[in-house]
Amino acid sequence: MTPFMIPDIAQLKLAEINALTDAVARLQREVASRQTVIDNLSARAQHFQERLVQADAARAAALATLNQAQSAQSAANGLAAACAESHRQVTEVDEAQTKVADAKVDLLRQLTFVVNLLEKAGHLANKQKTSNPMIPDTLIEQLSRAAGDCANVVALALVAQDSCLTASAGLSTTRGCLNLARSQADALRHDLQPGKHHEAGVLGHLERLYQKSAEHYNAELAVSSNATAQLDHANAALTTAKARLASLQAGLAAAAAVDVKAA
């Protein structure tokens with residue numbers, strides 16, 4: 001190499017080192033700036049993630065409440081239907097019981113009539129016995145026994161009638177309880193879902209509340225996803241900048257090493 005070219009080469013080498021130094025400084029500032037952006041984006045992404053978790057919890061709570069209300073509605077429907085069926089059956093039993101009671105009243109009237117006839121026949125037979133010894137004693141005994149048996153039947157019928165009256169009173173109480181339970185179930189069903197377009201009911205309010213919580217969750221999810229995407233993009237750009245910086249720093253170190261050897 002000729003001596004007069006050495007100063008030009010040295011100047012070119014110095015210019016290269018200066019250019020690399022400036023480029024390294026610019027990239028260092030860029031990396032620092034990108035790191036600051038990432039720190040801010042990380043905090044922003046964390047904030048939106050926390051809001052997303054809160055929105056998810058609110059959505060889950062709204063859904064659980066809605067499910068409970070729907071279960072209550074199903075239970076109320078089942079209770080109302082069961083009460084209606086039980087009321088029908090109790091009414092049928094009560095009507096049958098009334099018919100039995102009416103038949104027993106008619107039977108008691110007939111038995112009482114028969115008892116009176118037997119007692120009169122017995123008195124007449126005793127009376128005729130004094131004037132007519134030919135009347136057999138067995139007839140008088142049979143009339144007396146028949147009157148006693150019939151009186152026992154009347155007594156048993158009276159006990160049975162009392163039992164029917166007690167059963168009828170119990171059925172009336174049961175029917176009243178069923179009516180009360182059914183009215184309360186109907187009131188609960190109306191509160192949950194009135195069935196009119198201008199009345200929402202508890203179930204309608206809960207459905208709208210869940211819908212709003214789901215929409216809020218979806219909005220928060222979109223915001224959180226966008227913040228995460230921005231953070232990922234910034235991290236990728238920072239990685240690229242750091243790689244370029246490392247490459248320039250390596251080139252600057254190599255150029256500086258060559259310059260030292262040349263000196």
Counting only residues in the stretch 219-261 that are within 24 Å of V24 (Cβ to Cβ) and polar (S, T, N, Q), the one least open to solvent (accessible area, probe 1.4 Å) is identified as N235
Within the set of pairs 6+ apart or on separate chains, which have a first residue in the stretch 39-57 that is of a type in the set (D, E), a second that is in a helix (DSSP H, G or I) and open to solvent by less than 80 Å² (accessible area, probe 1.4 Å), and C-beta atoms under 9 Å apart? D56/Y217; D56/E220; D56/L221
Kindly indicate whether any position in the stretch 86-103 is within 33 Å of the chain's Cα centre (by Cα) and either modelled with pLDDT of 85 or more or open to solvent by 60 Å² or more (accessible area, probe 1.4 Å) (or both). yes
May I ask you to verify whether L180 is of a type outside the set (K, R), surrounded by 15 or more Cβ atoms within 10 Å (Cβ to Cβ) and in a helix (DSSP H, G or I)? no
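The values are calculated or read from the model by the stated rules, or taken from the named source; none is laboratory data. The structure displayed is predicted, hence computed values, not measured ones. Positions of Cβ are generated from backbone atoms using ideal geometry, with glycine treated the same way; all protein chains shown enter the neighbour counts. Heavy atoms of the whole protein, side chains included, go into the accessibility calculation; ligands, DNA and RNA do not. Shrake-Rupley method; radii C 1.70, N 1.55, O 1.52, S 1.80 Å.
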